[in-house]
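Quick notes on the structure that follows.
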Amino acid sequence: MLRWLRCLHRPRLVIWRSGSSYVARMRYLVKLKGDDEACSAALRAGRLFLYHKLRPLLMRAEGGRHRPLDMKTTDVEALLEKLGQQKERVRESVLVGCTETWVPQFCLDVGTLEKCAVERLCGGEFVDLRKAFFLLRGHDVPHMARGRALLHWHQTHGFCSASGEPTVKNQAGSQRVCQGSGHTYYPQMAPVLIVLVSDGSRCLLGRQAAFPRDMYSALAGFCDMGETMEETLRREVAEEVGLEVETFQFASTQHWPYPQSSFMLACHATVNPQRCQVSVDKVELEDARWFTLEEIQEALRRASAPQAPGGGPPVFWLPPSFTIAHQLVQEWVRQQTAGV
Ligand SMILES: NC(=O)C1=CN([C@@H]2O[C@H](COP(=O)(O)OP(=O)(O)OC[C@H]3O[C@@H](n4cnc5c(N)ncnc54)[C@H](O)[C@@H]3O)[C@@H](O)[C@H]2O)C=CC1
Ligand SMILES: [Mg+2]
């Protein structure tokens, strides 16, 4: 019988910069979530990130990169009026944060306006978030992802599932309430386990048919109701590639805005090298296979999707560097090469 070992993982030491106004800012944000009047005042003084049908508005920055374009609330009001909408629509925005200098930040989807007209007037471009992942600097991505996820949640929770009546968002967008049933709805994330499986010398990556061509990633799966993280990990690896995990180690977490909003729990796991024959569940995955350290190191060196020269054999590539899948791969390489 195979062993099921829980590895004693070394706790990650996280050091926060002290002396910042972090506590005060967090208390300010929680006040804005609970006090519509205070949040309306913050909206007047804040900055707005625009989205069009969930695509963030970006502008070109130096070095071929892009950055999110934020606007004053009064400028967005003027834009709305110019395009024939009521300026009060800024109140549909949702609170996503606050800068270190206490500027509250909101997101607003202007999907009912003509896209090109907004782009022309603002001097930016609405870009699909998946494409934006490759254009933005890593530190801008979580912010844009959070805005998309929150706006999407509001767009799909307009009605109470108990009474069928419309729900009403608070000013911050941290909840929606049904007056009829009294039900309060909060934005939700689905827990997803993502795991990089190793047989000691190679790691296992898979691809779904819907992935961009030749991209391989770590295995992932939604947690079933009532499952622990460990149970999901063991089940998903068994279901998707027909292997039994022997050990695992928790690594880190990340919010991921797809398919609705996922809370990614990332782990490393090992299987017995004597029993590492992959049997792919073709419903879930198009392919899954073992990669050597050299193949992975080569893929990490390739910055983006490579073109196979002259129609030669396709070269596999990894998700963008800020993704938790990429981080798992990097950690695995570090672990494999430690002390070499
Ligand atoms: N950030 C990253 O590095 C990565 C993120 N992911 C994310 O992880 C998610 C889960 O991975 P999959 O292999 O697709 O999961 P999966 O292996 O559980 O299969 C997906 C299927 O699970 C079912 N399902 C159960 N609960 C669901 C829920 N709450 N929402 C949607 N479908 C649900 C559906 O039938 C769906 O077709 C993906 O949607 C993807 O967005 C996946 C790989 C890398
Ligand atoms: Mg899966």
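The values are calculated or read from the model by the stated rules, or taken from the named source; none is laboratory data. What you are looking at is a predicted structure, and each value in this text was computed from that prediction instead of being measured. Positions of Cβ are backbone-derived with ideal geometry, glycine not excepted, and every protein chain shown enters the neighbour counts. Accessible surface is based on the protein model in full, side chains and every heavy atom, while ligands, DNA and RNA are left aside. Shrake-Rupley method; radii C 1.70, N 1.55, O 1.52, S 1.80 Å.
Summary value for the chain: 16 percent relative contact order, contacts being C-alpha pairs under 8 angstrom separated by 6+ residues. Tell me the relative contact order for the stretch 111-225 as a rounded percent, counting alpha carbon contacts under 8 Å between residues six or more apart. Here the relative contact order equals 13 percent. The share of alpha-carbon pairs in the stretch 189-340 lying farther apart than 22 Å comes to 38%.
Only Lys, Arg, Asp and Glu carry charge here, each on its Cβ (+1 for the first two, -1 for the last two); on that basis the chain has a dipole of about 940 debye about its Cα centre. Each of Phe126, Ile194, Met225 was scored by the projection of its Cα onto the charge dipole of the chain, and the greatest displacement toward the positive side belongs to Phe126; charges sit on the C-beta of Lys, Arg, Asp and Glu. The amide H of Met215, built 1.01 Å from its N in the peptide plane, has Trp317 as neighbours under 5 Å, considering only residues 5 or more places off or on other chains. Can you send over the solvent-accessible area of Phe134, 1.4 Å probe, protein chains only, in Å² to the nearest 10? Accessible area of Phe134: about 90 Å².
Cα-based values for the stretch 94-147, radius of gyration first and Dmax second, are 12.6, 34 Å. Taking a ≥ b ≥ c as the square roots of the Cα gyration tensor eigenvalues, the stretch 228-298 comes out rounded, since a/c falls below 1.5. This model, with +1 at the C-beta of Lys and Arg and -1 at the C-beta of Asp and Glu, gives the stretch 128-186 a dipole about its Cα centre of some 220 debye. Rolled with a 1.4 Å probe across the full set of protein chains, the surface gives Glu227 an accessible area near 50 Å².
Taking only Cα atoms and a 10 Å spring cutoff, compute GNM fluctuations for the chain and point out the largest among Arg137, Arg27, Arg207. Taking springs between Cα atoms under 10 Å, the residue moving most is Arg27. Per residue, the stretch 29-101 exposes 53 Å² of accessible surface when a 1.4 Å probe is rolled over the protein heavy atoms with every protein chain present.
Based on every Cα atom in the chain, Rg and the maximum pairwise Cα distance Dmax equal 22.7, 71 Å.
The GNM of the chain, with springs linking C-alpha atoms under 10 angstrom apart, assigns the highest mean-square fluctuation among Ala238, Ala325, Ala266 to Ala238. Net charge dipole, the stretch 136-254: roughly 720 debye, given to the nearest 20, about the Cα centre with Cβ charges of +1 for Lys and Arg and -1 for Asp and Glu. Would the stretch 16-122 count as rounded, prolate or oblate if I go by the C-alpha gyration tensor, calling it rounded below 1.5 in a/c and otherwise prolate when a/b exceeds b/c, oblate otherwise? Oblate.
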